[in-house]
Amino acid sequence: MSRSLRASEAGIKQIKLAMKQGGFTQKALAEALGISRSTITVLFRGEAIARSNFEELCKFLELDWRDIRGEETGKPLMIAEANDEMATVKQLGADRLTAGGDITVTINQIVGNSDKSAEAKDIPKLSIEDLVKLARERCADDIRDRCGTMRVLDMTQPVDLDRIYTDVNIIKDVIGRRRIGYDEVMEVYTREHFDRFLVGTIQKRVKGIKAVDKIQKLVVLGKPGAGKTTFMKYLAMSCLAGRFHGELVPIFVTLKAYAEERGQPSLENYILTEFAKRKVSQDEAKQLLDSGKALILLDGLDEVKKEDDDRVKQDIDRLSRDWLKNRFAITCRIAAREYQFEKFTEVEVADFDDGQIETFVNNWFRERDESKAARLLERLEDNEPVKELAKNPLLLTLLCLVFGERNDFPPKRSELYKEGLEVLMKKWDAKRNIEREMIYKHLSPQNKEDMLGQIAFNTFEKGEYFFRQEDLQRQIKDYICNLPEASADSDALRLDSEVVLKAIEHHHGLLVERARNIYSFSHLTFQEYFAAREIERERHFERLIENISNPRWKEMFYLTAEMLRRSDDFLKLMKARIDGICAHDEKLQAFLEWVNQKTNSVEFSYKTVAVRAFYAYVEALALDRDLALDLDLDLALDLDLDLDLDLDRAFDRDRALARDLALARALALVSDLGDDVLRQALQALKSKIPINRENISDWWENHGEEWSRELQQVCIDRRNIGHDWQFTKEQVELLNQYYAANLLLVECMNRSYVSKQVREEIESTMLLPSKK
């Protein structure tokens with residue numbers, strides 16, 4: 001067999017075409033192969049080069065050397081290599097002489113660097129430890145440049161990863177592959193039940209970096225925006241800094257960039273070329289890989305185009321088999337196309353918990369304004385639906401950006417949710433120049449939102465937070481069958497509905513598989529938003545208002561009111577429904593009449609409706625100390641109101657200190673009002689309470705009821721408060737519903753655009769008895 005080969009004229013053209021497609025110059029190709037550039041020059045002149053170089057070059061360019069070779073020269077290897085080296089001498093010697101150098105030095109360099117030459121055998125090879133050190137040094141700048149910062153959404157500039165990074169947690173068993181019976185989720189009918197169910201069924205979390213350390217070959221799955229790429233970058237930077245497997249060389253590959261590389265090189269050649277660009281030769285890179293000295297991070301498998309799927313998967317399989325001693329981690333979205341890699345363990349990135357949210361927010365504002373971090377965290381605690389979004393790192397980033405600009409969240413939460421959905425449905429991929437395949441050619445982005453609105457409303461109305469896959473696909477099928485040009489074939493529509501469902505989960509993460517064949521919205525906040533959007537667009541106001549006393553629907557009222565361009569009609573429908581709650585109960589109507597009379601009997605500086613609400617609260621609280629009416633009394637009240645509140649608190653037999661303070665305050669206020677009769681009566685009641693606190697319990701046991709009746713009669717006679725209404729348990733519950741519904745109406749007015757006329761009309765008649 002000939003030990004040297006030359007290329008045919010047609011073969012040279014194929015080599016040049018492959019180089020052009022791969023974006024290689026002669027110099028870059030030579031560096032990638034670890035040979036001299038003159039060897040390629042010799043080859044292009046149609047002369048022979050060493051057979052090993054010829055075959056390696058063809059393999060690298062993914063050409064069959066048998067198709068490239070010309071007639072065998074018959075020259076022995078030494079002559080062919082001598083030709084290579086003499087050409088190199090001529091080329092590099094000319095370069096050195098042109099630069100005024102010593103040609104002897106140039107020849108020595110050539111002989112020393114000539115690949116596979118007899119002289120090269122005498123050059124001692126680097127130890128694997130020294131080679132790792134050299135490769136880490138030469139790749140360091142590239143890793144820092146690609147992995148050292150992050151910039152997402154509308155950030156005006158990149159930030160250092162180490163400053164902002166928050167550890168991710170890993171769930172060892174992928175959530176959507178658990179087997180849970182549908183009966184187990186049927187009892188989930190409130191937001192609190194939903195959260196408890198998810199927490200109770202999720203396995204213990206482990207630190208992401210520990211999972212990668214423990215498992216040699218890992219596929220890290222996660223929802224959109226879960227922080228998968230950031231995690232891969234952190235691993236690369238930690239490896240480079242010596243915090244994580246500092247004995248390895250980090251290799252970070254964006255799979256989308258590799259898959260779209262000109263010439264479609266194999267993954268191995270792509271990595272070898274990247275090494276060559278950092279002046280690590282092909283032989284050195286292979287030595288590293290063969291020794292298991294690489295941490296290979298393959299990011300964004302789901303971002304690879306469908307037409308490149310099979311090739312990329314096969315390349316990853318081949319690479320992980322050929323270089324099996326190395327550590328591998330692949331990231332991919334949940335519900336992406338089916339991938340299964342032999343001997344890889346699949347895990348899932350967990351949502352952020354409260355501790356991670358706090359860490360992220362503090363990191364974010366540390367160099368901007370630390371006080372904003374505390375305010376944002378406080379606002380999240382007061383706002384459960386918004387806090388739920390913060391469990392997703394991408395949406396938490398959005399919340400930090402929004403809060404940083406205005407020092408608060410938008411007054412209308414629906415605007416914040418809309419922006420969050422735009423991030424997941426449009427901006428996140430667009431910002432990274434990622435094009436997803438069209439999931440269903442007749443389903444536009446608007447159609448997609450409308451369809452999700454129908455699903456959200458139908459399921460929420462039934463009290464369903466979890467739904468079977470078959471039921472979900474049926475709703476999708478019912479929607480897409482009405483689109484223009486949709487197939488009339490039932491089987492085709494059924495298959496289309498499954499494709500649409502999987503794509504929505506994969507592309508946007510809005511619907512997620514919580515267990516095998518059981519789905520929910522990724523966040524209940526999004527289910528509520530889409531349901532409210534459907535109510536607003538389809539004018540399902542009556543169906544919403546039927547649930548005005550159901551706490552589960554409160555957020556739906558808020559969102560609907562915010563979305564309406566003008567809420568007059570909606571608010572008037574609410575008012576009519578609220579008035580009907582107590583309309584047919586004579587005793588409750590009498591109570592509302594008393595509220596009106598009492599309000600008209602005192603002087604105040606507030607809105608009349610606010611004073612009515614105050615007296616409804618005070619009188620109802622005297623009936624039931626545990627009544628869950630909601631009213632903020634931490635304000636400076638007018639004198640009459642302040643006195644009546646203290647008198648009400650003086651009825652509290654279970655809280656002695658609060659009672660005594662209230663009575664003392666009431667006496668002081670009475671003096672300011674100049675009511676001597678009331679002052680004397682209260683002083684007499686106060687004097688009956690023993691000064692010796694050791695005997696107070698016994699005294700209250702024996703005399704408390706009588707004392708309270710006397711106080712009640714004084715309050716009725718002098719202040720017209722403290723009446724014994726003798727409401728039944730059902731009437732107290734109705735009153736509670738009525739009061740809460742009025743507060744809901746006020747909140748909806750404050751969140752929406754309502755005409756001045758309708759606002760005044762509602763406020764003037766709120767908390768008044770129904771007209772006969």
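Quick check, is F526 within 28 Å of the chain's Cα centre (by Cα), closer than 16 Å to I455 by Cβ and open to solvent by less than 40 Å² (accessible area, probe 1.4 Å)? Yes; evaluated as a whole, the condition is true for this residue. Of all residue pairs spaced 6 or more apart or on separate chains, those with beta-carbon atoms under 8 Å, a first member in region 129-143 that is β-branched (V, I, T) and a second member that is surrounded by fewer than 21 Cβ atoms within 10 Å (Cβ to Cβ) and outside any helix (DSSP H, G or I) are V132/E247; V132/L248. Out of Y465, Y440, one residue alone is within 23 Å of T525 (Cα to Cα), out of contact with any Gly (no Cβ under 7 Å at 6 or more places or on another chain), modelled with pLDDT under 90 and in a loop (DSSP other than H, G, I, E, B). It is Y465. When you check F521 against the structure, is it open to solvent by less than 10 Å² (accessible area, probe 1.4 Å) and under 30 Å from K575 (Cα atoms), yes or no? For F521, the condition - open to solvent by less than 10 Å² (accessible area, probe 1.4 Å) and under 30 Å from K575 (Cα atoms) - is not met.
Could you identify the single residue in L510, L501, L495 that is modelled with pLDDT under 80 and either within 14 Å of M451 (Cβ to Cβ) or among the hydrophobic types (A, V, I, L, M, F, W, C) (or both)?
Checking each option against the conditions leaves just L495.
Please determine whether any residue of region 126-148 is of a type in the set (A, V, I, L, M, F, W, C), part of a loop (DSSP other than H, G, I, E, B) and modelled with pLDDT of 80 or more. Yes, the conditions are met somewhere in region 126-148.
Counting only strands (runs of 3 or more DSSP E) that fall entirely inside region 205-316 and contain at least 1 residues that are open to solvent by 30 Å² or more (accessible area, probe 1.4 Å) and farther than 26 Å from R151 by Cβ, the qualifying elements are 205-207. Within region 1-15, can you find the residues that are without any contact (Cβ under 8 Å) to a residue 60 or more places away in the chain and either within 16 Å of S266 (Cα to Cα) or surrounded by fewer than 15 Cβ atoms within 10 Å (Cβ to Cβ) (or both)? Hits for region 1-15 are M1, A10, K13. Only one of the numbered conditions (1) assigned to a helix (DSSP H, G or I); (2) open to solvent by 10 Å² or more (accessible area, probe 1.4 Å); (3) under 23 Å from R533 (Cα atoms); (4) at pLDDT 85 or above is not met by Y417, and that is (2). Counting only helices (runs of 4 or more DSSP H) wholly contained in region 546-642, the ones carrying 1 or more residues that are under 30 Å from G674 (Cβ atoms) and at pLDDT below 90 occupy 608-623.
For region 42-73, name all the residues that are on the phi > 0 side of the Ramachandran plot and free of Cβ contacts under 8 Å to residues at least 60 places away in the same chain.
If the condition is that a residue be on the phi > 0 side of the Ramachandran plot and free of Cβ contacts under 8 Å to residues at least 60 places away in the same chain, then G46 is the only one that fits.
Take the residues in region 46-63 that are among the small types (G, A, S) and not in a helix (DSSP H, G or I), then tell me which one is nearest to N269 (Cα to Cα). Among those that are among the small types (G, A, S) and not in a helix (DSSP H, G or I), it is A50.
Return yes when T599 is under 30 Å from L395 (Cβ atoms) and either among the acidic types (D, E) or touching a helix residue (DSSP H, G or I) at 6+ places or on another chain (Cβ under 6 Å) (or both) and no when it is not. No: the conditions fail for T599. Which residue out of E593, E536, E542 is under 29 Å from the mean Cα position of the chain (by Cα) and open to solvent by 20 Å² or more (accessible area, probe 1.4 Å)? Selected residue: E536, the only one of E593, E536, E542 that is under 29 Å from the mean Cα position of the chain (by Cα) and open to solvent by 20 Å² or more (accessible area, probe 1.4 Å).
Confirm whether S708 is open to solvent by 30 Å² or more (accessible area, probe 1.4 Å), modelled with pLDDT of 75 or more and on the phi < 0 side of the Ramachandran plot.
Considered against the rule, which asks whether it is open to solvent by 30 Å² or more (accessible area, probe 1.4 Å), modelled with pLDDT of 75 or more and on the phi < 0 side of the Ramachandran plot, S708 comes out as no.
Here Q216 qualifies as at negative phi and touching a Lys or Arg at 6+ places or on another chain (Cβ under 8 Å).
Within region 462-511, the residues that satisfy the criterion of being more than 26 Å from the chain's Cα centre (by Cα), open to solvent by 60 Å² or more (accessible area, probe 1.4 Å) and touching a residue at least 40 places away in the same chain (Cβ under 8 Å) are E470, P484, E485. Among the residues of region 668-678, is there at least one that is at pLDDT 75 or above, closer than 20 Å to W594 by Cβ, in a helix (DSSP H, G or I) and touching a Lys or Arg at 6+ places or on another chain (Cβ under 8 Å)? Yes - at least one qualifying residue is present in region 668-678. Could we say that Y189 is among the hydroxyl-bearing types (S, T, Y) and at pLDDT below 90 here? When the stated conditions are applied, Y189 passes them. Restricting attention to region 362-412, the residues that are free of Cβ contacts under 8 Å to residues at least 40 places away in the same chain, of a type outside the set (F, W, Y), surrounded by fewer than 21 Cβ atoms within 10 Å (Cβ to Cβ) and not in a helix (DSSP H, G or I) total 7. Considering only residues in region 730-765 that are surrounded by 19 or more Cβ atoms within 10 Å (Cβ to Cβ) and assigned to a loop (DSSP other than H, G, I, E, B), the one that is farthest from the chain's Cα centre (by Cα) turns out to be V754.
The values are calculated or read from the model by the stated rules, or taken from the named source; none is laboratory data. What you see is a predicted model; the values in this text were computed from it and never measured. In this analysis, Cβ positions are derived from the backbone assuming ideal geometry, glycine residues included, and neighbour counts consider all displayed protein chains. Just so you know, the surface numbers come from the protein's heavy atoms only, side chains and all, with ligands and any DNA or RNA stripped out. Shrake-Rupley method; radii C 1.70, N 1.55, O 1.52, S 1.80 Å.
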